[in-house]
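Some notes on the structure that comes next.
Values in this text are rule-based calculations from the coordinates and carry no lab data. Note that this is a predicted model, so its numbers are computed, not measured. Counting neighbours? That spans all protein chains shown, and the Cβs are built from the backbone with ideal geometry, glycine included.
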Amino acid sequence: MYQLRSVIKQYRKGRETVHALAGVDLTIADGDRLVIQGPTGGGKSTLLQMLGGLDRPTSGSVELDGIDLARLSEARLTKVRSQSIGFVFQSFNLIPTLSAQENVETALVPLGVKASERRERAAEALKSVGLGERLGHLPSEMSGGQQQRVAIARALVKQPKVLLADEPTGNLDESMRDEIMDVLESMWKEHGLTFIMVTHDSSIAKKAPRLATIRKGALTVTEKAA
């Protein structure tokens with residue numbers, strides 16, 4: 001479970017102080033699916049970075065299972081990210097010279113998984129997202145939707161507890177958007193993940209069981225009826 005208390009994030013932009021997060025309080029239970037929406041510059045990606053331990057708040061606490069990510073050493077924070085949190089981004093962030101299978105394997109290297117097990121787990125992860133026939137293909141040989149499926153497989157192959165997605169459909173057309181959302185929702189249900197997603201897409205936000213809207217660093221959460 002995530003527990004955020006009075007999270008403030010400020011940074012300097014020239015002579016101006018930007019208040020990216022303005023005292024955010026938020027609880028996210030295990031297995032939740034939360035969509036974060038709001039205008040550009042409102043604090044969405046900053047909040048997701050806090051949840052992923054990619055940035056630290058100016059003040060306040062960001063607890064995951066009772067551990068305050070804001071207070072961990074960089075080494076311990078890196079370990080938490082590598083073991084417990086999977087990331088999917090708008091830009092697929094695949095290594096162009098590696099095959100789909102090799103790209104997925106990269107998530108297991110920091111965990112010390114043996115090469116033979118890495119290959120097996122990467123192949124299974126790609127099969128689970130419908131790319132069992134594409135193991136040896138380079139990113140340049142795949143469509144945008146297929147590349148995002150590789151990125152999803154890479155995020156999930158380490159069997160994380162949390163999946164964070166930052167505009168994962170932003171570079172895709174409408175039909176590919178729907179396919180990728182089907183994959184993400186299927187993986188959320190199948191693996192019992194805590195799934196948190198940032199999006200500009202109102203059609204996606206409308207379907208979310210729980211919606212967080214952030215404007216000028218202030219957060220409002222809407223619980224939808226089952």
Report summary line: Straight-line reach check, LYS224, cutoff 16 Å on alpha carbons, 8 or more apart in-chain or any other chain, hits among lysines -> LYS206, LYS207
Requested in this report: Please find the FRET efficiency linking ARG210 to LEU138, where r is the Cβ-Cβ separation and R0 is fixed at 35 Å, and quote it to the nearest 0.05.
Outcome: 0.40
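Could you list the trypsin sites (Lys or Arg not before Pro) in region 69-162 that lie in coil according to DSSP, counting only those with at most 14 other Cβ atoms within 10 Å of their Cβ?
Passing both the DSSP loop test and the Cβ count: LYS114.
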Requested in this report: Could you work out the relative contact order of region 122-226, using alpha carbon pairs under 8 angstrom and six or more residues apart, expressed as a whole percent?
Outcome: 21 percent
Query - Cross-link partners of LYS158 among lysines (Cα-Cα below 20 Å; sequence separation of 8 or more within a chain) - result: LYS79, LYS114, LYS127, LYS189
Report summary line: Taking r as the C-beta separation of SER61 and GLU16 and R0 as 25 Å, the FRET efficiency to the nearest 0.05 is 0.45
Query - Normalised contact order of region 2-223, rounded percent, pairs of Cα under 8 Å and 6 or more residues apart - result: 29 percent
Report task. Rounded to the nearest Å, what's the spacing between the alpha carbon centres of region 87-137 and region 3-73? Just the number, please. Result -> 29 Å
**Report entry** Nonlocal amide H pairs with VAL88, under 5 Å, H built at 1.01 Å
**Finding:** LEU164, ALA165, ASP166
Query raised in the report: Taking region 1-53, which trypsin sites (Lys or Arg not before Pro) meet the DSSP loop condition and have no more than 13 other C-beta atoms within 10 Å?
Result: ARG15
Query raised in the report: Normalized C-alpha radius of gyration of region 2-223, against 2.2 N^0.38 Å?
Result: 1.02
Query raised in the report: Among bridges DSSP assigns within the chain, what percent are antiparallel (round to 5)?
Result: 55 percent
Query - In order through region 185-190: 3J(HN,Hα) via Karplus (6.51 cos²θ - 1.76 cosθ + 1.60), integer Hz, x for Gly, Pro - result: 5, 5, 5, 4, 5, 5
Query raised in the report: Length gain on complete extension for the stretch LYS114 to ASN171, per 0.36 nm per residue less the alpha carbon to alpha carbon distance?
Result: 17.1 nm
Query raised in the report: Taking the Cα atoms only, what angle lies between the long axis of helix 115-128 and the longest principal axis of the chain, rounded to 10 degrees?
Result: 80 degrees
Query raised in the report: Leaving out same-chain residues fewer than 8 places away, which aspartates and glutamates sit with a Cα under 20 Å from that of LYS9?
Result: ASP25, ASP55, GLU63, ASP68, GLU74, ASP166
Requested in this report: For region 29-45, just list the computed ³J(HN,Hα) in residue order, Karplus coefficients 6.51, -1.76 and 1.60, θ = phi - 60°, integers in Hz, with x standing in for Gly and Pro.
Outcome: 6, 4, x, 5, 10, 10, 10, 10, 10, x, x, 4, x, x, x, 4, 5
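Could you tell me which GluC sites (Glu not before Pro) in region 129-219 are loop residues by DSSP with no more than 13 other beta carbons within 10 angstrom of their beta carbon? Before the final figure, lay out the partial values.
Details: sites: GLU133, GLU141, GLU174, GLU179, GLU185, GLU190; in loops: GLU133.
Passing sites in region 129-219 are GLU133.
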Query raised in the report: Based on DSSP H runs of at least 4 residues, each adding -39500 (n - 2.57), what is the mean residue ellipticity at 222 nm of the chain after dividing by all its residues, to the nearest 500 deg cm²/dmol?
Result: -10000 deg cm²/dmol
